Amino acid sequence: MNISERIDFITKNHIHVCRSSTLKSHFRDLTTLRRWPYFFVLFSTGNELLHCIENERVHVPLGHFLFVGPDRYHSFIDGQDGDFWVLYFDYGFYARTPNDAYFIQNNPLFFDLDKIYISKPAIDISEYVALQMEFLEKLITKIQTPLVIDIIHNAVQAILLRSTFLSQGLQNPEVQYNNIEDRKIANQFRELLHIHYQQEKKLDYYANALKTTPRRLNQAITNIYGRSAKQLVTEKIFEESKSLLAHSFLTIKEISYSMGFTEENNFSAFFTKHSGYSPKKYKNLQLNISAV
């Protein structure tokens, strides 16, 4: 995946709400497993909702939300009996402030790749949520004045805040919130890393882009995340490598080059160190899972 394909961090201020029955008018190839450049929130209002995530059919009960982030491979399933609501938006729409950017970048609903988050409101407010979706669907078709954008943003934020709180609570004791400048640097670093991780692995590049020093960059990242900037770069490359091995038709050699490794052996050593499996063995394991 090259930089131009990471439009989820390049596209700005895109949001849409529609019923599943009209989704085909917005997207082609709905049933193809792929990464979508949006954050998706699906809400089941008819029968049980089915969605495919990482080759797995996910069952979403009536009155529940399903959250899918832009780093996951997923697809829609044809032939479902019930209708459901689909809300999707890009990073630029939500990240209006440093706090918004931090919240969406680190939200487990979208970025905990070890889990799939399905959320039910604390009380039965299915009819209210459906009415809210219908209201947003109509509102989005109107002129996008600042007031209208505020209303839409606040409605999306309310859904995410409630669901994040219900899933595991809003406060993470490992995260530091007290330094606004550190958080600003951390947000900008994550945005740059999301786009440039394949070509740029050295901290000098990111420090120069942020008009700071590698030492100051690393200090800010450590203060916010409790891990070094280098560790975040490594984690990003590893997670993207796993996705390509599991879901792309690229050879291991092609994946190693796409991840910025000049030699396949170096990539193999890197991947084996962090996963415990060689790239070939990991790819075969994923193929066996998808064949089940």
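Bear in mind these aren't lab numbers, they're just calculated from the coordinates by the rules spelled out. In this text the structure is predicted, and so the values were computed from the model without any measurement. Glycine gets a Cβ as well: all are built from the backbone with ideal geometry, and neighbour counts include every protein chain shown.
Which chymotrypsin sites (Phe, Trp or Tyr not before Pro) in segment 192-292 pass both tests, a DSSP loop state and at most 12 other beta-carbon atoms within 10 Å?
Sites meeting the loop and neighbour criteria: 249.
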Check: So which GluC sites (Glu not before Pro) in segment 178-271 pass both tests, a DSSP loop state and at most 15 other Cβ atoms within 10 Å of the Cβ?
Finding: 263
Notebook entry, point to check: Separation between the residue 57 and residue 111 pseudo-spin-labels, each 7 Å from Cα along Cα→Cβ, expressed in nm?
Noted result: 3.3 nm
Check: Got a sec? Which residues in segment 125-150 would a label at residue 165 touch, if it sits 7 Å along Cα→Cβ and we count backbone N under 17 Å?
Finding: 125-126, 129
Check: Using only helices, what value at 222 nm comes out for the chain when you add -39,500 (n - 2.57) per DSSP H run of length 4 or more and divide by the total residues, to the nearest 500 deg cm²/dmol?
Finding: -15000 deg cm²/dmol
Check: Which entries in 24/115; 120/236; 230/280; 184/230; 202/281; 115/236 show an alpha-carbon gap greater than 21 Å?
Finding: 24/115; 120/236; 230/280; 202/281
Notebook entry, point to check: What range in the chain is the longest one free of trypsin sites (Lys or Arg not before Pro) that are in a loop by DSSP and have at most 12 other Cβ atoms within 10 angstrom?
Noted result: 29-114
Next item on the list: Express the relative contact order of the chain as a whole percentage, based on alpha carbon pairs under 8 Å and six or more residues apart in sequence.
Entry: 16 percent
Item checked: Karplus 3J(HN,Hα) series, Hz, for segment 259-266 with 6.51 cos²θ - 1.76 cosθ + 1.60 (x for Gly, Pro) -> 8, x, 8, 7, 10, 4, 4, 5
Next item on the list: Just grab the label-to-label distance for residue 100 and residue 138, each label 7 Å out from Cα along the Cβ direction, in nm (one decimal).
Entry: 2.4 nm
Check: What is the gain in length, in nm to one decimal, between residue 21 and residue 83 on full extension, counting 0.36 nm per residue of separation less the C-alpha to C-alpha distance?
Finding: 21.7 nm
Next item on the list: Kindly provide the GluC sites (Glu not before Pro) of segment 6-108 that DSSP labels as loop, not H, G, I, E or B, and whose Cβ sees at most 16 other Cβ atoms within 10 Å.
Entry: 48
Notebook entry, point to check: Which of rounded, prolate, oblate describes segment 18-149, given a ≥ b ≥ c as roots of the alpha-carbon gyration tensor eigenvalues and a/c under 1.5 marking rounded, otherwise prolate only if a/b is larger than b/c?
Noted result: rounded
